[in-house]
Structures are given as C-alpha cells and as structure tokens.
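The values are calculated or read from the model by the stated rules, or taken from the named source; none is laboratory data. Keep in mind the model is a prediction, meaning the values are calculated, not measured. When we count neighbours, we look across all protein chains shown, and the Cβ atoms used for this are built from the backbone with ideal geometry, even at glycine.
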Amino acid sequence: MVITKSRLVLGATAVTLSTIAVTSLGIHSRGQALFKESPKALVDDVWQIIYRNYVDGTFNQVDWQAVRKEYLGKSYSNQQEAYKSIREMLKKLEDPYTRFMDPQEFKNMQVDTSGELTGIGITISQDEKTKQLVVIAPIEDTPAFKAGILSKDVILSINGKSTKGMDTNQAVSLIRGEAGTQVSLMIQRNGQTRQFDIKRARIEIHPVRYSQKQTPAGNIGYIRLNQFSANAGKEMQDAIKDLEAKQVSAYILDLRGNPGGLLFSSVEIARMWLDKGTIVSTIDRQGEQEREEANGRALTNRPMVVLVDKGSASASEILSGALQDNKRATVVGTQTFGKGLVQSVRPLEDGSGLAVTIAKYHTPSGKDINKHGVDPDVKVDLTDAQRQDLWLNERDKIGTLADPQFAKAVEILRKKTAVRNTTTPVNN
C-alpha cells in the first residue's frame, strides 16, 4: 500500500491524545478470528512491517532474520505474551520512535473528532543516548505549560515510579488519566530536581493565534503556530489573508515551543510563504529522495522572521529550515530540538498499533538536522529563568518588545522594510 503524505507523522509522543494519522496494514489478509487463535501471527505482522519499511536496511546492524527465527520459535498462549515479545523485538533496533502500542495505548494516541485532547499537554520523547524520557515541549495554555514544565526537562519519575527503563508508551499510560485527577512528575533540570503536581484536563487546541503589532518596523503581522495539526493549514491561511487585508508590512512567525505534528501540514504551510523552491526531501531506506516543492501559490512575499527555540521540533524544523535555506526568512532564537525522522503509524488487526521510522528528512540545502537541529541565523539566547518568567509569569510580554527574541526580530524587520521601501518603485 502506498502511504500518502497525509498519513506521515514526525515522530513525537504526545501525552494528550496525539495528533496522528494511520494507514492500513496491507501485509496480511488474515482475519480477526484467526489472530485470536494465533497471537504469533501478530508478532510476525510486526516483524514483516519492520522488514519491509524500516528506514535502515541494516536494521541498525541487527540481524533481523535471526530475530524472526528467535521470536517465531516461541509459543504464545495469549496476546499479552505476544505484546511482550514484540516490545523486546523492537528494542533491539534501539530506535525510541519505532514502538508498539497495545489497543489502549493506540487508542490514547488518536485525536477524537472534537479536536479536544485529554491529558496534561506535553510532548515527550526518549533520548537516544541516555534513554531518559525528555520533554520536547509543553503545549501552550495546557496544565503542563501553566505548571512550568519546559522543553528538555528530564522526567525522572511519574507518581513516584522511576522512569528508568520505561518507554514512552508506558510513560503515556501513567501520565494520562481522567480530567480533574492529578499526576506527579519528578523533573530534572540543569542538574536540579523538582516535583510538579499537575491536574489533568480536557484540552481544546487551536494551533494558530495572530494579531497586528505596532512596532518601530511598522505594522507587523505576528502569527504564533503551536502545533502542526490537521487544521493548522486552514487556520494559517485565514490568518495570513486577514493580515494581508490589513496591509501589514512584514511578518513574525513564532514557532517557539512547537513540537511538530503532521508532515503534510508543514508542507502545506510552507507553500503559503514560499513561491518557489524545495521545501523538504524525505529519504527512504533505498536512499530514494522524494522532494516537496513550492507550487507558486504563496499568499505573501512580505519580509519575515521566524522565531525558534529548543522546543521547536520536527515539523517546526522542516518549516523553519525551508524558509531559511530558500532565504525567504531570517531565523532568530536558539538551536532547535533536532528531530529529523518520519514515522508511519499502522493499525494492527487486534486494535493495537505500530509506529515505524520509515524515512529521514533533509532541509532544501541537504542538511540532516537529526540530533542537531536548525541553527538560527541570529542567535538570541534566553536563560531558563528568563524563559520561565516570559512564558509563565509575564506572558503578556510574549510578542512584545519586552520579549528579547521578538525585539530582535523587529530590529531585523526594520532594516528589511527600510531596504524594501528604498528599492521598490512607487507609482503616483
């Protein structure tokens, strides 16, 4: 089965219901009844998906045929035994983004039709080197965000249970719960530990917020994008069209703390800003590249600055990298998170699911940002204390001249618009 672009995600685990799309298995036609008689079939299904689709044809130097022989040589009396073996099998790849989800875990990852999420509002990942659970970013205006959780925080324990050896699925199961109940996270930040007691909630997410800002650079359109969800493109289009009608002179696109989301959403939004050029290249196990290009339908060509930080991940890095490499925008802030892998999420016949790393992506200039991130054109660092004050204690300063990264963006745009005004002919 061909996996369409709309079914690809950029590999983070959200401790809400994650914005994710799925594709059908397309490998076996075995029915539900037969699976119940043979849990071993599920183990083989997972092995086959990895064998046919995993991004690294060497399976990260693992003898995948020997793995099949080992795990199909076992006897399985129930699904739980099969689940345990599948998790053991996948651990051999040492890829935290390729993971198995039992039916409840898989259900927890899917967005319901209302667009509301249940949880505390953080996106987490497992550090490939340390195996620790790390916060990619809190989602703005969620319980985790308001409690003070920051990007790169390490989760040491959940409700008193150590996360050592715990995968992201197990962590999600512990952190999730009924709205109104509480979860306790022990966080390590800069060598210090602190406990956060956070009340779970139902969360409605609108990915785009925008406004006009009167600045020394003129009337600027400020757009904050929190997440690359399925409706992000429509909301971004509406924002740009409204701000164009109000004749803003330039734009600041704020991707700080945006953990990513759907691949097609990042491409869709990039086309609103880029009239021509490559947006991203995805590279599969055969080394074949599939390029996404601008389509000549940009909504504006006005000067722009993109704001990023270490919480800007995956789809945020595709968008900022595309705008940077095509010299469409100046990128301001700090080095981004560094997640350059694409996952496909497959439902299995018993209601469980599998996320598989099927490709990596490069920016238009060919940069592989995995484990490194996008380097800003203009670096403006904030200390953790500054970030916490700005994003939690004095949030009314975000997107104002009291926000150091925004202020630098305005300074850059002031110069850009001055040059533009002197070189653009005026018709009287």
(message) Testing E94 on (1) touching a residue at least 12 places away in the same chain (Cβ under 8 Å); (2) closer than 12 Å to S352 by Cβ, one condition comes back false. Which one is that?
(response) (2)
(request) Please specify each residue of the stretch 272-325 satisfying the condition of being more than 25 Å from A245 (Cβ to Cβ) and aliphatic (A, V, I, L, M). (result) I279, V280, I283, V308, A313, A315, I318, A322
(request) Hand me the list of strands (runs of 3 or more DSSP E) wholly inside the stretch 67-178 holding 2 or more residues that are over 30 Å from A41 (Cβ atoms). (result) 116-119, 122-126, 133-138, 154-158
(request) Give the stretch 218-264 a look and list any residue that's within 19 Å of G321 (Cβ to Cβ) and among the small types (G, A, S), or say none. (result) A232, G233, G257, G260, G261
(request) Take the residues in the stretch 148-200 that are on the phi > 0 side of the Ramachandran plot and polar (S, T, N, Q), then tell me which one is surrounded by the fewest Cβ atoms within 10 Å (Cβ to Cβ). (result) N190
(message) Quick test for you: out of A217, A245, A232, pick the one residue that is surrounded by 21 or more Cβ atoms within 10 Å (Cβ to Cβ) and over 25 Å from S125 (Cβ atoms).
(response) A217
(request) Go through G366, G353 for me and flag whichever is under 22 Å from the mean Cα position of the chain (by Cα) and outside the structural domain of K276 (by TED's automatic domain parsing). (result) G353
(request) State yes or no: is D141 closer than 25 Å to T98 by Cα and not hydroxyl-bearing (S, T, Y)? (result) no
(message) Quick check on my filter: what residues within the stretch 305-335 are polar (S, T, N, Q) and closer than 30 Å to K107 by Cα?
(response) S312, S314, S316
(request) Say whether the condition of being within 16 Å of L253 (Cα to Cα) and acidic (D, E) is met by at least one residue in the stretch 378-389. (result) no
(request) Select from the stretch 62-87 the residues that are acidic (D, E) and either touching a strand residue (DSSP E or B) at 6+ places or on another chain (Cβ under 6 Å) or surrounded by fewer than 14 Cβ atoms within 10 Å (Cβ to Cβ) (or both) and list them in ascending order. (result) D63
(message) Which of the strands (runs of 3 or more DSSP E) found entirely inside the stretch 277-386 contain at least 2 residues meeting this: among the hydrophobic types (A, V, I, L, M, F, W, C)?
(response) 278-283, 304-308, 330-333, 341-347, 353-362
(request) Within the stretch 180-210, work out how many residues are under 22 Å from K310 (Cα atoms), part of a loop (DSSP other than H, G, I, E, B) and without any contact (Cβ under 8 Å) to a residue 24 or more places away in the chain. (result) 1
(request) Within the stretch 329-343, identify whether any single residue is among the β-branched types (V, I, T), surrounded by 24 or more Cβ atoms within 10 Å (Cβ to Cβ) and over 28 Å from R387 (Cβ atoms), and answer yes or no. (result) yes
(message) Of everything in the stretch 218-250, what is assigned to a helix (DSSP H, G or I) and among the β-branched types (V, I, T)? Give them in sequence order.
(response) I240
